[in-house]
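The values are calculated or read from the model by the stated rules, or taken from the named source; none is laboratory data. Not measured: the values here are computed from a predicted model. Here the Cβ positions follow ideal geometry from the backbone for every residue, glycine too, while neighbour counts run over all protein chains shown.
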Amino acid sequence: MRRLTWLLFLVLCSAVLGDSSQASTTPSVAMKIREAQRKITHVIVIYEENWSFDGLYAHYPGANGARSGSNDAQLQCPVGGSDDTVPLPGNPPALIVAGNPTGPWPCGWQGVSNPADASWVTDKNIPAALPVGPFDLGKYDPPSTKTGDLWHVFWHEQLQIDNGNLEASNGAMDKFTEYSSNPGLALSYYRGDLLPEGRIAHHYTLADNFFHSAFGGSFLSHQWLICACTPVWNQPLPATNTTTFEAYWDAARKTLNDGNLSTMPKPQTVPGPQPGAKYYVVNTTFSANLPRPGTPRDQLLNPIPPTSKTIGDLLTDAKPSIRWKWYSGRFAQAIVDRSAANLCASPSKANPTNEIRDDGPCFQWHHQPFVYFARWGGDGSALAESEHLQDDVQYYHDLRAGTLPQVAFVKPVGVYNNHPGYAAIAEGEAKVQSYLAALCRSPYWKNTAVIITYDENGGRWDHVNPPKIDQWGPGTRVPAIIISPYAKPGYVDHTQYETASILAFVEKLFALPSLNARDGNANPLLNAFDFNQAPLACRSS
């Protein structure tokens, strides 16, 4: 009888308290959400580009960083030989077909699919025979200079992290050089802990277990930042590109075309459009809405219908409505003069230097996710008067005028977004400092949470294997810094987060529903805060 009574007591306790494994229903989380709602009235998300966590913060004190070693078994850079005759991996001609499965490979600026491409040039600052393993790029190319770019696309990343989706897995995180366009840079890093954002992080919270939510590059990562979703191609397949627009994978030849569209859960096995197939937009594709480049019209994604919801919809449709904006560098210029806005300078054979050149702002069309949605995008005149999509110049104005919206996404223009190839990381971090300094001068600091993170890893190696949630991701680990009067000071947060955690935080803070299961189940960043501590001062350095 005593045993039965005890069991009944446990059952009743379970019914009252609920399942403690569900973070959203535990009393401690519910209490923290209420505390956040009392203390935080504004959220600012600063979204940078293309660095893995180990690529910047491997040496950060207390963080889970890899300072040496990797599972890649190839040489990173060539020992002699002509750059233009060294086959590159991951695209035709594939490694095995090319007869060069172990390297050596070039340490260069420009990743190309054809090794004879005239744009290839070697970065002469980097020694030619570096051993396999992470190396400090700052010793050769200081953070104030530009470096080469690397492929960062949907299926390539899955091959690099070796998740077993396309080919049998040999382990984890062990094919970054094998499936890189620029293998000599895949394991390189900067000492981000010594750069401005790293110094700022020491005063607040650095998250070292934060993953970008969807595999691949910037286009899809920006979509997941606002909707935790992947667009569907619901229109005729383009007649102007019938060979590479659709992704395909030939497992026997290890030949991958990482196209704009893909079938799921695997790409098709032959090139060309497949009638009746359902295609998802997984790699860089531009919107039919403005601003956009001069891409053929049938390769532009039609406006996504209002039935597909974003965080902007949830905020606008709340009762009462919650104000929000997407501030983007050079957005106003891109509407009226796309050529000037998109002008970009990257190292190349024609320009064999990695010094900074003021050749243009490098505005990126696919970094403007709200533009793709019918409710928020439009033609030039509508965008020029948009209440929600504005130039980042307006961010500074709104802080001074006391008109900052409750939720602000801030996107630096290309030359300041830290993207390898066309941005120097020192200039990008200085831009972030200017965003923070403006906040510090405003009355908003006392009730604001700032989240600085990166859209994806940019093809750079990280040693932590991502969790497996669904067919979209998450991808590789990226840095995230949480800055607020109530961020835990000098803290490294080891909690598992992802890009969708930002959505979850906003949704919990403003009592909004989730968009889908991914943001609904994402951890909402609450462990980074202590709402009972004495408020911290605002620092921009």
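If you go through segment 327-340 and keep only what is in contact (Cβ under 8 Å) with a residue 60 or more places away in the chain and either surrounded by fewer than 24 Cβ atoms within 10 Å (Cβ to Cβ) or assigned to a helix (DSSP H, G or I) (or both), you end up with 331, 332.
Only one of the numbered conditions (1) touching a strand residue (DSSP E or B) at 6+ places or on another chain (Cβ under 6 Å); (2) surrounded by 22 or more Cβ atoms within 10 Å (Cβ to Cβ) is violated by residue 444, and that is (2).
Kindly provide the set of residues from segment 461-506 that are of a type in the set (D, E, K, R), touching a strand residue (DSSP E or B) at 6+ places or on another chain (Cβ under 8 Å) and modelled with pLDDT of 95 or more, ordered by number. Matches in segment 461-506: 477, 488, 493, 498. Restricting 295, 316, 307 to those that are outside any loop (DSSP other than H, G, I, E, B), out of contact with any helix residue (DSSP H, G or I) (no Cβ under 8 Å at 6 or more places or on another chain), at negative phi and of a type outside the set (Asp, Glu) reduces the list to 316. A residue that is among the basic types (Lys, Arg) and touching a strand residue (DSSP E or B) at 6+ places or on another chain (Cβ under 6 Å) cannot be found anywhere in segment 371-383. May I ask you to verify whether residue 248 is surrounded by 20 or more Cβ atoms within 10 Å (Cβ to Cβ) and either among the basic types (Lys, Arg) or more than 18 Å from residue 157 (Cα to Cα) (or both)? No; evaluated as a whole, the condition is false for this residue.
Every listed requirement among (1) closer than 19 Å to residue 44 by Cα; (2) crowded, with 23+ Cβ neighbours inside 10 Å is met by residue 477 save one, (1). Residues in segment 403-410: is at least one assigned to a strand (DSSP E or B) and either basic (Lys, Arg) or surrounded by fewer than 24 Cβ atoms within 10 Å (Cβ to Cβ) (or both)? Within segment 403-410 (the criterion being assigned to a strand (DSSP E or B) and either basic (Lys, Arg) or surrounded by fewer than 24 Cβ atoms within 10 Å (Cβ to Cβ) (or both)), the answer is yes, since at least one residue qualifies. Among residues of segment 41-55 being within 8 Å of the chain's Cα centre (by Cα) and part of a strand (DSSP E or B), the one that is surrounded by the most Cβ atoms within 10 Å (Cβ to Cβ) is 48.
In segment 411-437, which residue that is among the small types (Gly, Ala, Ser) and in a loop (DSSP other than H, G, I, E, B) is surrounded by the most Cβ atoms within 10 Å (Cβ to Cβ)? So the residue we want is 423.
Return a yes/no flag: does segment 306-313 have any residue that is over 24 Å from the mean Cα position of the chain (by Cα) and under 30 Å from residue 510 (Cβ atoms). Yes.
Restricting attention to segment 206-236, the residues that are surrounded by fewer than 19 Cβ atoms within 10 Å (Cβ to Cβ), assigned to a loop (DSSP other than H, G, I, E, B) and not polar (S, T, N, Q) total 1.
Close Cβ contacts (under 7 Å, 6 or more residues apart or on different chains) running from residues in segment 513-541 that are on the phi > 0 side of the Ramachandran plot and modelled with pLDDT of 95 or more to residues that are buried (at least 19 other Cβ atoms within 10 Å of the Cβ) and part of a helix (DSSP H, G or I) comprise 525/501; 525/505.
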